[in-house]
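Right, one structure below, let's go through it.
The values are calculated or read from the model by the stated rules, or taken from the named source; none is laboratory data. Note that this is a predicted model, so its numbers are computed, not measured. Cβ placement follows ideal geometry from the backbone for every residue including glycine, while neighbour counts extend to all protein chains displayed.
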Amino acid sequence: MAAFIVRRLIQATLVMLVVALIAFLLFNYVGDPINNMVGQDTTAVEREALREQLGLNDPFYIQFGRFVEHILEGNFGRSYRQSRPVEDMIADYLPATLELAVVSAILALVFGVAMGVYTALRRYSAFSQVLMTVSLIGVSLPTFLIGIILIQVFAVELHWLPPQGRVGGEDDLVRLGWWTTGLLSLEGWRRIILPAITLGMFQMTLIMRLVRAEMLEVLRTDFIKFARARGLTDRAVHFGHALRNTMVPVITITGLQFGTIIAFAIITERVFNWPGVGQMFLDAVIHVDIPVMAAYLVLIAMVFVVVNLAVDILYFVVDPRLRVERSTTGH
Amino acid sequence: MKLKAALLAGAVLLAAGTAAQAETLRFAFQGQVSSLDPHSLNETFTLGYQGNIYEGLISRGPNLEIEPALATSWELMEPTRWRFHLREGVTFHNGNPFTADDVVFSYERAISEGSDVRTKVGGITEVVAVDDYTVDFITESPNPIIMAEWETWYIMDREWCEEHGATGVTNVADPDAENYANLHANGTGPFMVTVREPGVRTVAVPFADWWGEPQHNLTEVVFTPIAEDATRVAALLAGDVDMAYPIPLQDIERVEDNDGTRALTGPELRTIFLGLDQARDELLYSSVEGTNPFQDRRVRLAFYQAIDMNAIQQVVMRGQSTPSAAMVAPGINGFPEELERYPYDPEAARALLAEAGYPEGFSVRLNCPNDRYVNDEDICIAVTNMLGQVGIDVELMAETKSIYFGRILAQGGYDTSFYLLGWTPGSFDSYNVLYNLVHTRNEDGAGTFNNGGYSNPEVDALTAQILSETDQDARAAMIAEAWQMLHDDVGYIPLHQQALAWGVSDNVELIQRADNEFVWNWVTINQ
């Protein structure tokens, strides 16, 4: 087990290095940061001096080498735009993204599993048909559009919920050390609902369809028939046996999707003006804020790697067969 | 007195439920306040925000007229020596008194390394504190408009900067220095910052000891950046903010039609124009070889007359623009009112091209930004089509601003044959445009943004005279003459001034200034 984790960590480091390398290659094409850092009246000589100071005239492999070296020292550089250490910025923006991701993942999981079970057990009921149709819309509509529609309906027309998230006032945010949370106040919840639904919509429909398909499959197997023959209640059969046996793929997908949720939060954050790392990244792209872009991409790579690792470890816990297999092959 | 205070407190408590909330102004802009350091970035919005916290020696009124601020009066002692008399009894937010020493310090800071406001105090050789409330500015050559950009050259407190190690300007290039002034502010202005969360919100409250008479009735100002257009408009319509800008042209009607909000529009000071490479002997991106067609005035005029500004105004800009014959906007000192656009006339354009030796036309590449100005790419598409009507085959190359400016400006070696650009003179004076865009490019920095390399020695000579002429009438005549020459030469093709568009809640009264700066002191919230 320990050897496995160490091996995965080494792979993870490699993955992050490669991501950073590709990112740096791409930075040659995103434009010139200098124009965003000075006003229109700044002379060409001053612009050139700044470029030289920032090392932007060096070939990319030297810039990349410097970046890696600084990261190893725990220094992500300073934002060109905000003149603040990038790690401070991430610490400011990350709580918002993580809260949004966790809330929408929970929403997706709870409603996804519930709806999946329901549509599997009552396959032909009208409500199931409605759920299946609605879920099709959830998969096919782009996040951006879902967000705009929700804002238009619930904020602009009905005035039920606010159109933008987490404005950071005293009535919606609570500070716990360096972490700020919107989950301890009513206003904070009012502001997270729409973005969380938008972000979790795709995952919810995915989980629902997955659970439904797996349930239908499991319900046909022999051990369910035996369970029924033993006279167990429907409840015990459905939830104690059938649902439990669909959980391995559901855990895999939910886990893997959690990385996706964080990475794709960019669009949702943008639409709802949610001050998370996705917004931070978009702003960095617009202003060619290279240190921020680089740090964000490495961070996202790390999230994926960690999530994958966590899922692998969960397998060991959930499915005893995997444990045996891995240890015998000793791979 | 105590009783009165107690009664007042009671009344305030009773009213607190609604009134306290109503006097909070919440506003949104598409970008962020990059820094609170007033010398670190010369950008309209950032400087405009800081202008509510910090002040300059002068300020500008609703119509951009120069008004006394931290200086009460000024006089020209000799051609190269200006004397400014400072306001007495002014304190910074931390309680420190404002004196001549702070002006000298702010000057030194503004010209130090990393400062982006150097041009605002350019041409000054020495700043002398004569006594606590008198400062002399000695200039290299006579400068009649020395204070023109000083409403955004903000005065900082020397003691405060020294105490917090912020005597230098916030400098990104120096990775070890975390500048205190980047996240904290201490000005003399009517508001002071209480909460600074970059990218999320910045909160300010009125400064009780401000020297001026507050015209606002605000108790708090909360700023949130909202980058996405649709969300910014929705936040205004849903009442989540009281004021938001800019409003995209296509949403102006929605804001007007919505109950409780209105749109405020007006011409902006920025002029959008097309530039043509007249410097090279052969264009970089054109089918014409061995010669540069843009060196022929007839070709430049043909391009000018082929463009239908009315159509662009009606269709592309939805009526929200003012076609312009000049390279400066009304409201800029020296705006040539009498100048008229050459009429739209595709027939004449074709004839001019034939006369110049291009009866079949030719092809040329047009460089254009697609995220900098209002509908910039659409303007270029319209121009492309209109030039196509007279036989010019335009290859449009539209790019994001970071790449675009890197290409067409000096650092990219003026890598363009034909381009679209916008310019607002920071001094609100024609000289700034003549010097940066019209003057022949030289090593002293003149004509740095003259990307097309237009050059007319007579205009250059006039520009030099305009800088040092202290007689206002003679100066105005010279500016008018320079604009006329440029117009006659067709050195540029001016297009229009785009419109400002602010969305405002109906219970908010404010003044929209043409430089797009939002002054909170002019805001009142009605119940």
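Conditions tested, residue by residue: (1) buried (at least 19 other Cβ atoms within 10 Å of the Cβ); (2) farther than 21 Å from residue B:433 by Cα; (3) under 23 Å from the mean Cα position of the chain (by Cα).
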site: B:276; (1), (2), (3): yes, no, no
site: B:293; (1), (2), (3): yes, yes, no
site: B:309; (1), (2), (3): yes, yes, no
site: B:329; (1), (2), (3): yes, no, yes
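For every residue, the table says whether it meets (1) more than 21 Å from residue B:209 (Cα to Cα); (2) free of Cβ contacts under 8 Å to residues at least 12 places away in the same chain; (3) in contact with a Phe, Trp or Tyr (Cβ under 7 Å, 6 or more places away or on another chain).
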site: B:101; (1), (2), (3): no, no, no
site: B:105; (1), (2), (3): yes, no, no
site: B:109; (1), (2), (3): yes, no, no
site: B:115; (1), (2), (3): yes, no, no
site: B:120; (1), (2), (3): yes, no, yes
site: B:123; (1), (2), (3): yes, no, no
*Right, residue B:200: over 23 Å from the mean Cα position of the chain (by Cα), modelled with pLDDT under 95 and crowded, with 18+ Cβ neighbours inside 10 Å or not?*
yes
_Given the options B:416, B:448, name the one that is β-branched (Val, Ile, Thr), assigned to a loop (DSSP other than H, G, I, E, B), over 16 Å from residue B:270 (Cβ atoms) and more than 20 Å from the chain's Cα centre (by Cα)._
B:416
*Could you please find all residues in the stretch A:227-248 being farther than 26 Å from residue A:315 by Cα and surrounded by 12 or more Cβ atoms within 10 Å (Cβ to Cβ)?*
A:228, A:232
*In the set A:117, A:102, which member is within 14 Å of the chain's Cα centre (by Cα) and farther than 30 Å from residue B:169 by Cα?*
A:102
*Tell me, please, whether a residue that is part of a helix (DSSP H, G or I) and of a type in the set (Asp, Glu) can be found in the stretch B:332-343.*
no
*What residue, among those in the stretch B:448-467 that are out of contact with any helix residue (DSSP H, G or I) (no Cβ under 7 Å at 6 or more places or on another chain) and touching a residue at least 12 places away in the same chain (Cβ under 8 Å), is surrounded by the fewest Cβ atoms within 10 Å (Cβ to Cβ)?*
B:457
*Search result, residues across the stretch A:101-126 that are touching a residue at least 12 places away in the same chain (Cβ under 8 Å) and among the aromatic types (Phe, Trp, Tyr)*: A:111, A:118
*Determine whether residue B:235 is away from chain A (no Cβ under 14 Å), touching a residue at least 40 places away in the same chain (Cβ under 8 Å) and either of a type in the set (A, V, I, L, M, F, W, C) or surrounded by 17 or more Cβ atoms within 10 Å (Cβ to Cβ) (or both).*
no
*Picking from B:452, B:413, which residue would you name as being over 30 Å from residue B:65 (Cα atoms), at pLDDT 90 or above and of a type outside the set (Phe, Trp, Tyr)?*
B:452
*If we keep just the residues of the stretch B:39-60 that are within 13 Å of chain A (Cβ to nearest Cβ) and assigned to a loop (DSSP other than H, G, I, E, B), which is surrounded by the most Cβ atoms within 10 Å (Cβ to Cβ)?*
B:39
*What helices (runs of 4 or more DSSP H) completely inside the stretch A:256-331 contain at least 2 residues that are modelled with pLDDT of 80 or more and more than 14 Å from chain B (Cβ to nearest Cβ)?*
A:290-318
*So residue B:402 fits all but one of (1) without any contact (Cβ under 8 Å) to a residue 40 or more places away in the chain; (2) touching a strand residue (DSSP E or B) at 6+ places or on another chain (Cβ under 8 Å); (3) crowded, with 21+ Cβ neighbours inside 10 Å; what number is the exception?*
(2)
*For the stretch B:110-130, indicate whether the set of residues that are away from chain A (no Cβ under 14 Å), crowded, with 19+ Cβ neighbours inside 10 Å, on the phi < 0 side of the Ramachandran plot and in a loop (DSSP other than H, G, I, E, B) is non-empty.*
no
*Sole exception among (1) at positive phi; (2) modelled with pLDDT of 90 or more for residue A:99, by number*: (1)
